[in-house]
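The values are calculated or read from the model by the stated rules, or taken from the named source; none is laboratory data. Note that the structure is a prediction, hence the values are computed from the model and not measured. Because the Cβ atoms are built from the backbone with ideal geometry, glycine has one as well, and the counts that use them run over all protein chains shown.
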Amino acid sequence: MPGKMRKRSPLKAPERPYIALGLEGSANKLGAGIIKHSPDGSTEVLANVRHTYITPPGEGFLPRDTAQHHRTWALSVINDALKKANVSLHDIDCICYTKGPGMGAPLTSVALVARTLSLLYHKPLVGVNHCVGHIEMGRQITAAKNPVVLYVSGGNTQVIAYSQQCYRIFGETLDIAVGNCLDRFARVINLSNDPSPGYNIEQEAKKGKRLLPLPYATKGMDVSLSGILTSIETYTQDKRYRPDGPINDTDSDIITPQDLCFSLQETVFAMLVEITERAMAHIGSKEVLIVGGVGCNERLQEMMGIMAKERDGLVFATDERFCIDNGIMIAQAGLLSYRMGFQTSLAKSTCTQRFRTDQVHVSWRA
Amino acid sequence: MNPESSSTPTQRLISRATLVSQGAEAAIYKGELHPPPIYPVPSGNRDHDSEPVLIKYRFHKQYRHPTLDASLTKSRVAGEARAIGRCLRAGVNVPGIRMVDLQEGVLAIEWINGKSVRFLLGGGAEGEEEVDEVHGDVVESEETDEAEEDPLKGYNITQDDIMQLIGTEIAKMHEADIIHGDLTTSNMMLRPPSAPDKSSELVLIDFGLAYTSTLVEDKAVDLYVLERAFASTHPASEPLFASVLKAYERQAGKDWKAISRRLDDVRLRGRKRSMVG
């Protein structure tokens, strides 16, 4: 049990520089990152390389093909990272990999790479929770102290706050994740998956004008998104729907794909901001940190900013380098727990598709 | 929210009222529907005029699209007023409705003169949890000499009586197919006896998340939410909550069996399923 000095960070300053390699591949992004923790307490990103598996418009990424992509690219991505960082694998203290949550096949293929490297170079393995990786990297980059975290990505939608060595989940989606909702709608209206479907929705939404009524489903601090997806899909069957804009000048009462993107973003983001605000009011925090792929969306950041301003608070967000899945965040979270003495033995270096944020013992925070 | 430039009667009402607290969803004010007249009135003549009301103001959220915000505010104010109205008709102790303004997002209800059950059970005021956690060991030592200042003084009631009142009121509400959605001890007020021969009354408040449902599932989840709230705010609350359920059982009669069975299921299920994806 912790003693009376509860507020002092249990993480001691490193006596020498520590370097960690992080490997991430829980979805369609394959990332390798190298991070360095120096004795003066500073943290340096030495390399952050990513390769994304992009599918043709109208198609999502399937587990088997994604795993194949990761296997094909793993070595060149890792070599790239090592070259950029100008370090050799011999200099590294530990190899961190994503233990979960994520898609099974891509996770296992990256874990296999991590295990192989660990055996080849006699380096300890550290299994990392993907969500905790996002949170730790966001905290590192933005220097937010104890924020309420909104974690929004293709596979996760959670409102998280830290309490007693655990990232507690205050609210989450009851069905699909927000990124999944946006991506699937992008597929319906045939938007490109390059660089990402969510980015293209954001660009289309900027041209939308008409706000169409959609369900608004917040339940306490939770949200439900699947009904909204069905509802917005139905609009593409509406007789007012014009996939290519108005047919002639008199064609005014119409629904364009841009309007749909606009309506979808406005509704879904308003729900997310609302549950975040509830969590902030509940725990009395004034800081918000947005992490995860959807966190790059500027409209979401803007809405969150307005909300925080009304409450006298601050918003912290990162750009696509750290928002979207990457290897560096796995290295950061992994190195933190490695410095606390945590290692994953080879026998236990498995992956799991279900690994909740609150299952991790956050030993490095007071 | 600038009181100086307000023009509608509702806005003027708010500008005269005093802010009590500010939540995520709304600001709470204490005000009077009938302002004191400008000219002097003989005293003793305006007793009934000065009844205080609680004003729940769902102000415009700047981050939300105006159209979306207006329709949400409207439906939420209407929904809350409707739930309170149904409770009143079913004989549940809830604050009376004094005024509804859907355009402005204002709901004014009867001001309850009393304390929250959370406070009366020694759970502290809302928002104090963080402090308690830091001085975890200090709180425990305080509990022993808690009897010095009994918060229940003047209510003429024991803790167990309060629990029974809670159980009875919730059962009455569920009988009318209303689900509160946010049952906590902070959302229950105890009104002291109005006369020496009367007893204290328990009043359920904050129907912001209420909805109607006939499902056993929803009623069981409602009770489970309360059980969790008890466990997190009041240490050693098991005997207290058992007493709530006993009173609920007495009031619910034959409906209890199904709800009780479902409550056991819900407890096993826990609040969150394992994450998918």
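Descriptive notes on the structure:
- Residue within region A:147-156 that is away from chain B (no Cβ under 13 Å), under 17 Å from the mean Cα position of the chain (by Cα) and either free of Cβ contacts under 8 Å to residues at least 60 places away in the same chain or assigned to a loop (DSSP other than H, G, I, E, B) (or both) present: yes
- Counted residues, region A:176-196 - those being in contact with a strand residue (DSSP E or B) (Cβ under 9 Å, 6 or more places away or on another chain) and among the acidic types (D, E): 1
- Boolean, A:I135 is more than 14 Å from A:L336 (Cα to Cα) and not acidic (D, E): no
- Selection of region A:138-148 for residues being surrounded by 24 or more Cβ atoms within 10 Å (Cβ to Cβ) and within 15 Å of A:I324 (Cα to Cα) yields only A:G138.
- In region B:198-236, the residues that are aromatic (F, W, Y) and either in contact with a Lys or Arg (Cβ under 7 Å, 6 or more places away or on another chain) or within 18 Å of B:D177 (Cβ to Cβ) (or both): B:F207, B:Y211, B:Y224
- Filtering region A:164-173 to residues that are facing chain B (nearest Cβ under 9 Å) and either surrounded by fewer than 21 Cβ atoms within 10 Å (Cβ to Cβ) or more than 30 Å from A:T230 (Cβ to Cβ) (or both) leaves only A:Q164.
- Look at (1) among the small types (G, A, S); (2) within 14 Å of chain B (Cβ to nearest Cβ); (3) touching a Gly at 6+ places or on another chain (Cβ under 8 Å) and you find that A:A333 fails only one, number (2).
- Pick from region A:218-231, criterion more than 11 Å from every other protein chain (Cβ to nearest Cβ) and surrounded by 19 or more Cβ atoms within 10 Å (Cβ to Cβ), ranking: farthest from B:R64 (Cα to Cα): A:L229
- Residues located in region A:159-177, provided they are among the polar types (S, T, N, Q) and within 10 Å of A:D222 (Cβ to Cβ): A:T173
- Residue in region B:190-200 that is touching a Pro at 6+ places or on another chain (Cβ under 9 Å) and under 30 Å from B:N113 (Cβ atoms) present: yes
- When A:G127 is tested against (1) in a strand (DSSP E or B); (2) within 14 Å of another protein chain (Cβ to nearest Cβ), just one condition goes unmet, and that condition is (2).
- Meets criteria (crowded, with 18+ Cβ neighbours inside 10 Å and either within 14 Å of chain B (Cβ to nearest Cβ) or farther than 23 Å from A:E172 by Cα (or both)) for A:S345: no
- Of all the criteria given as (1) at pLDDT 95 or above; (2) surrounded by 23 or more Cβ atoms within 10 Å (Cβ to Cβ), the one not satisfied by A:K84 is (2).
- The helices (runs of 4 or more DSSP H) located wholly in region A:254-324 that include 2 or more residues which are buried (at least 23 other Cβ atoms within 10 Å of the Cβ) and within 10 Å of chain B (Cβ to nearest Cβ) occupy A:257-283, A:298-310.
- Across region A:199-225, the qualifying residues are those that are among the polar types (S, T, N, Q) and modelled with pLDDT of 95 or more, and the one among them that is farthest from B:D69 (Cα to Cα) is A:N200.
- Residue, surrounded by the fewest Cβ atoms within 10 Å (Cβ to Cβ), within region A:108-122, restricted to residues that are touching a His at 6+ places or on another chain (Cβ under 9 Å) and within 19 Å of A:Q332 (Cα to Cα): A:V113
- Any hit, region A:185-199, residues being in contact (Cβ under 8 Å) with a residue 40 or more places away in the chain, of a type in the set (S, T, N, Q), surrounded by fewer than 23 Cβ atoms within 10 Å (Cβ to Cβ) and at positive phi: yes
- Residue check, B:G270 modelled with pLDDT under 80, more than 28 Å from B:N156 (Cα to Cα) and touching a helix residue (DSSP H, G or I) at 6+ places or on another chain (Cβ under 9 Å): no
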